[in-house]
Amino acid sequence: MHPLTDLEKAAVLRIVAENKSRPGPLIEILHGVQANLGYVPAAAVPVIAAGLNLSRAEVHGVVTFYHFFRDHPVGRHVVRLCQAESCQAMGAAALTAHAKRRLGIDFHQTSADGAFTLEPVYCLGNCACSPALMIDGDLMGRVTAEDFDAMVTAGSRT
């Protein structure tokens, strides 16, 4: 486990202080830490636990239970490919295979250049426009392999 930098620790402490008086603040704090640091580092767990008077196990359990929380850094762009039934019926398996080949990674991995992290998601609510993906919070529908390649080319420049 890598220790938090002084800036990271200050950010975690600030987020805990801003939210600890709310009812059931743990989820909001974890979202805040991830939004600020890009993930929830293992070294942040004891800081959060102490701030909320919880055990490390309780905080760790929440981080690992919810698939949204990451315990490792991600690429500059996070691509979430829908794997739900509607998208599967409309070609998500082929799009997923193409994306993995194009980026040279599997789900939950980051490309060698640090540009893209690929994650599965089980419904983006865009079923009428399957197959769907989300990149950095932007939803795309009826995505083809060519669309994906164009997105990767554009994202590699940023």
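Computed values, structure above
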{"quantity": "Along each principal axis, Cα extent of the stretch 6-65, largest first, Å", "calculated": "24, 23, 17"}
{"quantity": "Mean separation of Cα contacts under 8 Å, 6 or more apart, over the residue count of the stretch 6-65: relative contact order %", "calculated": "35"}
{"quantity": "Per the chain, cysteines lacking a partner by the 4.7 Å Cβ criterion", "calculated": "Cys123, Cys127, Cys129"}
{"quantity": "For the stretch 5-38 versus the stretch 74-126, the gap between their alpha-carbon centres in whole angstrom", "calculated": "28"}
{"quantity": "Chain lengthening between Glu18 and Ala57 when straightened (0.36 nm per residue, less Cα-Cα)", "calculated": "11.8 nm"}
{"quantity": "Kirkwood hydrodynamic radius of the stretch 77-156, Cα pairs, Å", "calculated": "12.1"}
{"quantity": "Point-charge dipole on Cβ atoms (K/R +1, D/E -1) for the stretch 119-158, about Cα centre, debye to 20", "calculated": "60"}
{"quantity": "Selected from Ser86, Ser111, Ser55 as most flexible by GNM, with the chain as the system and alpha-carbon contacts under 10 Å", "calculated": "Ser55"}
{"quantity": "DSSP bridge orientation in the chain - percent antiparallel, rounded to nearest 5", "calculated": "55"}
{"quantity": "Dipole magnitude of the chain about its Cα centre (Cβ charges: Lys, Arg +1; Asp, Glu -1), debye to nearest 20", "calculated": "160"}
{"quantity": "Expected 222 nm ellipticity per residue - DSSP helices of 4 or more, -39500 (n - 2.57), all of the chain, to 500", "calculated": "-14000 deg cm²/dmol"}
{"quantity": "Unit Cα scatterers, Debye sum, the chain: log10 I(q)/I(0) for q = 0.16, 0.17, 0.21 Å⁻¹", "calculated": "-0.90, -0.97, -1.19"}
{"quantity": "Relative contact order, percent, the stretch 1-144 [alpha-carbon distance under 8 Å, six or more residues apart]", "calculated": "20"}
{"quantity": "FRET E, pair Arg101, Ala154, Förster distance 25 Å, beta-carbon r, rounded to 0.05", "calculated": "0.85"}
{"quantity": "Test item: Cα-centred dipole of the stretch 77-156, Lys/Arg +1 and Asp/Glu -1 on Cβ, debye", "calculated": "140"}
{"quantity": "Order of His77, His31, His67 - criterion: other Cβ atoms within 10 Å of each residue's Cβ, fewest first", "calculated": "His67, His31, His77"}
{"quantity": "Cβ-defined net charge surrounding His67, 12 Å radius [Lys, Arg +1; Asp, Glu -1]", "calculated": "0"}
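Quick note: the coordinates plus some simple rules give every number you see, no bench work behind them. In this text, all values refer to a predicted model and were calculated from it rather than measured experimentally. Using ideal geometry, Cβ is built from the backbone for each residue, glycine included, and neighbour counts are taken over all protein chains shown.
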